[in-house]
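For reference, the structure discussed in these notes is given below.
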Amino acid sequence: MLAEDFPGVELRAGRLRIGEGVRIGEGTVIVADELVLGDGAVVGEGCDLRSAYLELAAGAQVGEGSRWLVADRAQLGPGTVVDAGAEVVCRQWSVGEGSYLGPRLRVGAGASMEERSVVRIGHRCQIAPDVVVNPTESVVIGDEVGISAQVAIWTHGYHAGHAVRDGHQVAFAGVEVGDGVWLGFRAVLLPGVRVGAGTVVAATATVTRALPAGVLAAGVPAQVKRRLEPVALGAAQRRAAVVALVDSWVERLRFKGLTVDQVESGPGWAQWSVASGGRCWEVLLHPADSQQPGVVEIRCDAARAQFGFTEPLVVRGALDELGHDLRDYCRRATWLFPYEGNSRGLVPQRFARLLG
């Protein structure tokens, strides 16, 4: 594909590589010395993306109305989604594969055109709307991190009225968030902190100093309340969790307006017929054995996909819209199935009819 294939779009790139199936919305401006858009990459309408090197890997998406000014390098990994209205100003900005960053993300919020203004976000992270990241100094976020709405991460703290010469302290220091961390609603991370892997920071907590791995921290300032010592489910408990998960997903499909009929069932297994818009699927929850707590299979014509609930979680086959709905439902229930790109659930019919 060539720049001429995108009417109503302004592309100013010294070198460009554009894959198959790329979509760029009208009114978008992209400025780069080098531009790489992988197969199936999507840029929404009315965006303004500027970087010396700008790369959206295969299946990556940028939501409408986003504004990026990244001096050196901006990269999204395969399947990563940065939702609408993102404002990004920094020297370097990179996000790994399969991450989702919610609407109105703000990267900047202060002096972020500095030498160490670098933001790195890992693989398979989930970031809610209205998050603020200030990268006056570097911000490094690990893999599979969950960040709730309205969280703020700051790398500088000062006020001119509280001068160093008068004995006050100022802070300019980077922030690091370890793998698997969960930052609760409106949590605040102040300059120089490191949050250890697997730690949970409670809603509205303010983190003023380093937190160790694997703890629950809460309060202002945040204090360690207890160690997190989860015990993995046994085989029978895990099987029961899978059955409950699938049963609740099937009920959700009914709410969404799909026709669902149970064909047959037995202890710990079931088969359903699912129909919507002229399409029909078979959904099967296979019986367990000593090694397998559950396999869910989705069939439509000759196509089939399987979700395996042993560790590591796995998807076999290609997902259609029903398969993506199940994967999205599993994600929200903390069963994170690896698969290329992000999955989104089916829109309930009672909502969809109002959008037509």
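The values are calculated or read from the model by the stated rules, or taken from the named source; none is laboratory data. Keep in mind it's a predicted model, so treat the numbers as computed, not measured. As a convention, Cβ positions derive from the backbone with ideal geometry for all residues, glycine included, and neighbour counts pool all protein chains shown.
Please state which one of G180, G161 is assigned to a loop (DSSP other than H, G, I, E, B) and buried (at least 17 other Cβ atoms within 10 Å of the Cβ).
G180
Anything in the stretch 230-267 that is over 17 Å from C280 (Cα atoms), among the aliphatic types (A, V, I, L, M) and not in a helix (DSSP H, G or I)? List them, or say none.
V231, A232, L233
Residues in the stretch 327-356 that are in a helix (DSSP H, G or I) and either of a type in the set (F, W, Y) or loosely packed, with under 15 Cβ neighbours inside 10 Å (or both): how many? If you could, list the steps in order and put the result at the bottom.
Keep residues of the stretch 327-356 that are in a helix (DSSP H, G or I), which gives 327-332, 349-355.
So of that shortlist, the ones also either of a type in the set (F, W, Y) or loosely packed, with under 15 Cβ neighbours inside 10 Å (or both) come out as 329, 332, 349-355.
Summing the residues that are in a helix (DSSP H, G or I) and either of a type in the set (F, W, Y) or loosely packed, with under 15 Cβ neighbours inside 10 Å (or both) in the stretch 327-356 gives 9.
Which one of G77, G21, G27, G14 is touching a residue at least 12 places away in the same chain (Cβ under 8 Å), assigned by TED's automatic domain parsing to the domain that holds I127, of a type outside the set (S, T, Y) and surrounded by 16 or more Cβ atoms within 10 Å (Cβ to Cβ)?
So the residue among G77, G21, G27, G14 that is touching a residue at least 12 places away in the same chain (Cβ under 8 Å), assigned by TED's automatic domain parsing to the domain that holds I127, of a type outside the set (S, T, Y) and surrounded by 16 or more Cβ atoms within 10 Å (Cβ to Cβ) is G77.
All but one of (1) in contact with a strand residue (DSSP E or B) (Cβ under 9 Å, 6 or more places away or on another chain); (2) part of a helix (DSSP H, G or I); (3) surrounded by 16 or more Cβ atoms within 10 Å (Cβ to Cβ) hold for H324; which doesn't?
Going through (1) in contact with a strand residue (DSSP E or B) (Cβ under 9 Å, 6 or more places away or on another chain); (2) part of a helix (DSSP H, G or I); (3) surrounded by 16 or more Cβ atoms within 10 Å (Cβ to Cβ) one by one, H324 breaks only (1).
Taking the stretch 336-356 only, how many residues are more than 23 Å from D301 (Cβ to Cβ), within 14 Å of the chain's Cα centre (by Cα) and of a type outside the set (A, V, I, L, M)?
2
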